[in-house]
Each structure stands twice: as C-alpha cells, then as structure tokens.
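The values are calculated or read from the model by the stated rules, or taken from the named source; none is laboratory data. Please read all numbers here as calculations on a predicted model, not as lab measurements. Note that each Cβ is placed from the backbone with ideal geometry, even for glycine, and that neighbours are counted across all protein chains shown.
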Amino acid sequence: MKKKIFILMNYAIAIAMFVFLFKNIEVKDFMLTLKSANLGYLALAVVVSVMFRLFLYPILWKKVLDFSKLDVNYAELFKINAVSLSMKYVLPFKVSEIVRAAGLRIFASMDFCTALSSSVFVRLIITLGTVILLVTGMFLTNNFNYLPWVLIGLLGMVLLMNNIQKLKNIPIANNIINSLIYCFERINSSARIKLVIFSVFLQSGEILSSFLIFKAIGLNLSFVNAVYYVAIIMLVSSIPISIQGLGIRETTAVMSLSRFAETAVCFSGGILITLVHHLIPAVIGGIIWLVSSSERFFANTIITETAAAGEKI
C-alpha cells in the first residue's frame, strides 16, 4: 500500500509540475521555439549524449570493477548499462543501480550484493563529479551564494566514501554488509582520485550536450554559465521525487535560465534536455536490449539443437 501511495505521489508531482509550467508559458511560443530549433546542433547534442551515456559510462563502471579486482568485460557492461537506461521507464521505480547489479548477477555470475556495491560506488562517484562541476561553475561565474552548503555536501560525500568500509567493524555486520562495502574497501585513494577525474569528464558530456541544445533554440548562454546552471539542473532532477525527474528537470530549467531568455524558450530547453539526455538513450538502450536478447535466444537455440542432433548421431 505504501509503495502504491509513493508511486501515485511521484506521478502527481510530475503532472503538477507540467500543469504549472503550461499555465505559465505561451504554448505558441513554446511550439515555435521547437519548430525553429537548429537541427544540426540538436543532432550533435544527441551524438554527444549517446556517446557519453551509452559508450563512456560503462568504461567508468569497468574501472571501478578493475580497481576492485573484479573481472567483467566491457561488452557485458555495455549491454547491462543499455538495459538499465530503458528499464528505468519500463519499471520506473526500480533504482537503476539495482537493475545494473541484477545484470551483473545474471551475465557475470557475480554475487548480487557485491555487484550492487560497484553500481552504488559508481553512483556516488558520478554525483561527486557533478558537485565538483557545480563548484567549478560557481567560481567561473563568481556566484557563491550557496557555496558553503555545497562544500559541506561535498565534504560529506568524501567522508562517506572514505569511512563506509568501517561498517564491517560493527558487531552486527554480516556477509551482506561486507559484500555491500566490497568496492569501497578495495579501491584505494589514488584510484578514487582517478575515478573522480573521469566522472567529472563523463558528466561534462551532459553539460556540452545541453550547451548545444541551448544553441539550437537560440538561448543566449555562455559555456561558462552552462557549466553552472546545467550542473544545478542535473543535481536537482536526480532527487527521486518524480518519475525520472520529469517535471522537476523542466521546472528547474525555467527557474534557473529565465534571466537569459523567455519562459517558453527555457521550458523548451528543459524538454529537449529530457529528450536528448534521457529518452533517446533509453530508446537506443531498449533496441540494444532487444537485439542482444535475440542473439542470446538464437545462440541458445542453436546450441540446444546442435547438442540434440549430436545425441541422435
């Protein structure tokens, strides 16, 4: 019952956000902005988004596994990541980290809790990279209003990553807890620094793609400002209070970017960010999922038929 209420609340928040936005914008201006968007910039934004979300994300995950002395090949991680991008919309309230861990459990025969440790570690590293980009944007734009709070959050994340392995010293700690902290315990400080640097690079892909989207719709925003404002949009929309950030992302875009353009243009930017960064990679991920599933099905069928034929001979 509680889960159903939570699901309904998430849907309600997303719908309420969109109703609020459509009541406060000129729909004609919104449609005109989308129709007049530069398709060249949009196509380039899609290429950047797909490259970073589908092809580079598994590299970060593999690095985490390698530093943890866990051997999983890139091809499997690529498929699991693609599946998780689409599964977020098929099962919108299943955390993507759990989906990725389940994928490792199935395709790499890894203990689920150990697999979950790797995906949670990646999530923390990704969030840390986004916060670092936000701090960088603050310094680039000389906007320090929330810097103390952001630095406190940054320090808290670093302390969490450095001390979570101490959970194994708790008397009630069991094999599940020890498995959950597997990666945190085995990745040393120098490896963590390398991973954070890579995560900053990985998250900068979404900023670059968003900047191209802004260029496409004529939103006059410098790349320096894009670093700051897109980082805010990324962090706020990651808060799990609506369906995959729908409504929250667009509202944050309108509130953050309204000083640079009309509300309809800012809303168009938020919609296109959702489309380019989330929906298109999810669709492509779903196609990869279907193709890889078909390959496995036909491969297993061929193996079964070959074995059966061999027995007859």
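Okay, here's what the table says:
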item	result
Positions within the range 64-88 being in a loop (DSSP other than H, G, I, E, B) and in contact (Cβ under 8 Å) with a residue 12 or more places away in the chain, in sequence order	S68, K69, L70, V72
Test: residue in the range 53-63 that is modelled with pLDDT of 90 or more, assigned to a helix (DSSP H, G or I), in contact with a Pro (Cβ under 8 Å, 6 or more places away or on another chain) and of a type in the set (D, E, K, R)	yes
Looking only at the range 132-151, and only at residues there that are among the hydroxyl-bearing types (S, T, Y) and touching a residue at least 60 places away in the same chain (Cβ under 8 Å), the one that is surrounded by the fewest Cβ atoms within 10 Å (Cβ to Cβ)	T141
Exclusive hit being at pLDDT 90 or above and more than 16 Å from L116 (Cα to Cα), set L34, L39, L77	L39
Per-region count, the range 13-31, residues at pLDDT 80 or above and over 21 Å from S268 (Cβ atoms)	0
Set V283, V291, V265: member being hydrophobic (A, V, I, L, M, F, W, C), in a helix (DSSP H, G or I) and in contact with a Gly (Cβ under 8 Å, 6 or more places away or on another chain)	V265
Residues located in the range 255-270, provided they are crowded, with 22+ Cβ neighbours inside 10 Å and of a type outside the set (G, A, S)	L257, V265, C266, F267
Some residue of the range 42-59 being without any contact (Cβ under 8 Å) to a residue 12 or more places away in the chain, under 25 Å from L246 (Cβ atoms) and either surrounded by fewer than 17 Cβ atoms within 10 Å (Cβ to Cβ) or in contact with a Gly (Cβ under 7 Å, 6 or more places away or on another chain) (or both)	yes
